[in-house]
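S.K.: Encoded as structure tokens, here's the structure I'll be asking about.
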Amino acid sequence: MKPLKYINREISWLSFNERVLQEAEDPRNPLLERIKFLGIYSNNLDEFFRDKVAALKRLARLEKKSLITANDLEVLGDNPIEVLQVITDTSRKQHHRFNNAYKQITKELEKENIFIINESELSNTQGKFVERYFKEKVRSGIIPIMLEEEMPFPTLNDDCIYLAVRLVQRDLSNGKKYTYSLIEVPNKIQRFLILPDKGEKKFVILLDDVIRYNLKSVFQIFQFDKIEAYTIKVTRDAELNLEDDLYQSLPTALKKSIKDRKKGDPSRFVYDAEMPYKFQRFLMKHLKLKKNDAIIAGARYHNFKDFMGFPSMGRKDLLNPKIKPLEHPHLVGRRSIIEVVKEKDILLNFPYQSFDHVLDLLREASIDPKVVSIQATAYRVANDSNVMAALINAVKNGKTVTVVIELRASFDEASNIKWLERLQDEGVNVITGVKGLKVHSKLIQIERINNNKSEWISLISTGNFNEKTAKIYGDSILISAHKGINEEVCQMFGFYRMNYLNFKYKHLLVAPYSLRSSIIKLIDEEIMKAHLGKPCGILLKMNSLLDKKVCDKLYEASQAGVSVRLIVRGVFAITPQVPTLSDNIKAISILDKYLEHARIFVFGALGEEKVYMGSADLRSRNLDSRVEVVVPIYDRKIKKVLVKILEIQWRDNEKARVLDMNQENHYRKNNKPTLRSQDATYDYLKTFTKKELEKNYQ
């Protein structure tokens, strides 16, 4: 089979999510971590069907091929109907693996005396416990919807699961009579109920089964001989309709669109495979599903995203050991972080180092009498964000605070609108993004007046300023007082205020203006070195690689003899190791305890590397439709640290998968000593911290 030059985005995404599923299947992972990976896989798939699959279905209805532009590999011009069929087939295969993984995990949990039981397995004592819990905590939120042919079918929410209930009554004249109903399983009640122990045995039951156990009392006014309940789930098109309206603000339009999401067309229907065929057809008919829709016969339980919060059952030994975040050696015992940063740049690497340093810096800035203003961008914010609290406190201390909040962060729109309203109430100057562009850059800038002159400190990050995700995402933040960098960060905030301003950037690489052309120029420099016989190389780490111009330039670099190494967590369009096309391109994907989220780009070799880090993946949406900022690393020690971390990750032979044209996700195996990069990165930074502390106290 002739290798494809580019891999379809949607097919590549399914391959990425398969890597998540592999983590649930991997017996090397602790049992309770494996069940959480099932939750992550399920949550990913829900968003995929809400967004990407729904978009393909809209294209399919237009009966047009999805067109490819000069720069765009987001959809590769494939027939959307054919891609949808591949997605459905692949999803069904993965769903089978998913169910087998769940069965295997539950068996292994039973060996550890942890039992996930259903309503039919309850003892009398457990049954009474469940009845009491249902009466006190659940019953008031249960309102059945009776389904009748002549009545309008209810709109099912896509973030909920439903019990499809069938009441069976024997009828001597007609055989059997069926009554159908739907019960929405409340999503504001904890999904898992821990039951009383039996000796050393621990038991947990799902809320779905708590309701099943009490169905007779719910439908007690009906005459029936048998009652059955099967879980169903509908995933809907999550497209936001934000048509321009001169009389409607963006927050108002978003609120309306978020509400309208609940009425989007179904993009997937998952049902319990045990459901009787006649009942299936009844539901599918009223949901207006067609044969070519993603209709998946599943197992007993859906909405597995809830399993990300599966209780620990008091068994820390079945979880990954928690690491203690390291303090940065140059910030330990220092009274003022600002004074340290004025002397040298600081690099923080999460989750290995403490995010508290960021909060400490913001706290210091909020009370420092020389600080006059703080500016920040916000994309995904923690619900009870200490970062936002520090900015609000700065306002109360008389500082001018500006926050550029991107309201259109996918599936976080409602949360961001709440933060918008709270920040405005607290006196923060709020800018709601840039028209026509998503503000995806991760920036904070602190301005001080010292001896009647302005001086700045900037934080430029690969990920969101979010203390929650900093514990589980692999990200980096550069904190710098570099004059040129800070002047350009200041220009960025000037652009956010007045979008018509167009600045030139000498230091920062900024999308949609210079980022793509700068990356291509850097690749060209390595190609030139290869032609001249000089040391050269490219090592790039990111979440996704899809931009056609960048992909083509990397192919050109490979053909010139440049060693191209790619660490890409998610979607990936290139086909490595194809003769005459990509002989010198190798690629891996790392999935492990922490989500690899950093974007770090290295060009060059043998100590002469140029290193950059920032918010942007190399895909057309980031380079053309978002405001992204990538910063050069000038400090030689920081540059060395980042290159070292990437080299550690490149040597991973425990959790790295080889990316190739077949997308088979084989774990990389070799004869070298075992290296799990996330553990090795922590050990390296721990050693680095110790050495730097020893220098400080000599």
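Read-outs throughout are calculated quantities, based only on the coordinates presented, and are distinct from any laboratory measurement. Model, not experiment: these values are computed from the prediction. Here Cβ is always computed from backbone atoms with ideal geometry, including for glycine, and neighbour counts include all displayed protein chains.
S.K.: DSSP loop (so not H, G, I, E, B), at most 13 other Cβ within 10 Å: list which trypsin sites (Lys or Arg not before Pro) in segment 151-235 pass both filters.
M.R.: Those satisfying the criteria are 188.
S.K.: Based only on other Cβ atoms within 10 Å, what is the fewest-to-most ordering of 354, 120, 563?
M.R.: Fewest-to-most ranking of 354, 120, 563: 120, 563, 354.
S.K.: Which trypsin sites (Lys or Arg not before Pro) in segment 536-641 pass both tests, a DSSP loop state and at most 13 other beta-carbon atoms within 10 Å?
M.R.: Passing sites in segment 536-641 do not exist.
S.K.: Relative to the longest principal Cα axis of the chain, at what angle does helix 250-261 sit, 0 to 90 degrees, rounded to 10?
M.R.: 30 degrees
S.K.: Measure nothing but the geometry: give the 0 to 90° angle between the long axis through the Cα atoms of 636-650 and the longest principal axis through the Cα atoms of the chain, rounded to 10°.
M.R.: Long axis of 636-650 versus the principal axis of the chain: about 40 degrees.
S.K.: Tell me whether segment 509-696 comes out rounded, prolate or oblate; compute the Cα gyration tensor, take square roots of the eigenvalues as a ≥ b ≥ c, and use a/c under 1.5 as the rounded threshold.
M.R.: Note, shape of segment 509-696 comes out rounded.
S.K.: Going by C-beta contacts inside 10 Å, put 624, 272, 547 in order with the fewest on the left.
M.R.: Ascending Cβ contact count within 10 Å gives the list 624, 272, 547.
S.K.: Over the chain, what relative contact order in percent results from Cα pairs under 8 Å that are six or more residues apart?
M.R.: 13 percent
S.K.: Which of the GluC sites (Glu not before Pro) across segment 460-505 are loop residues per DSSP, with 10 or fewer other Cβ within 10 Å?
M.R.: Passing sites in segment 460-505 do not exist.
S.K.: Would you please report the Å³ per residue occupied by the convex hull of the alpha carbon atoms in the chain?
M.R.: 201 Å³
S.K.: Which order results if 295, 87 are arranged by neighbouring Cβ count within 10 Å, fewest first?
M.R.: 295, 87
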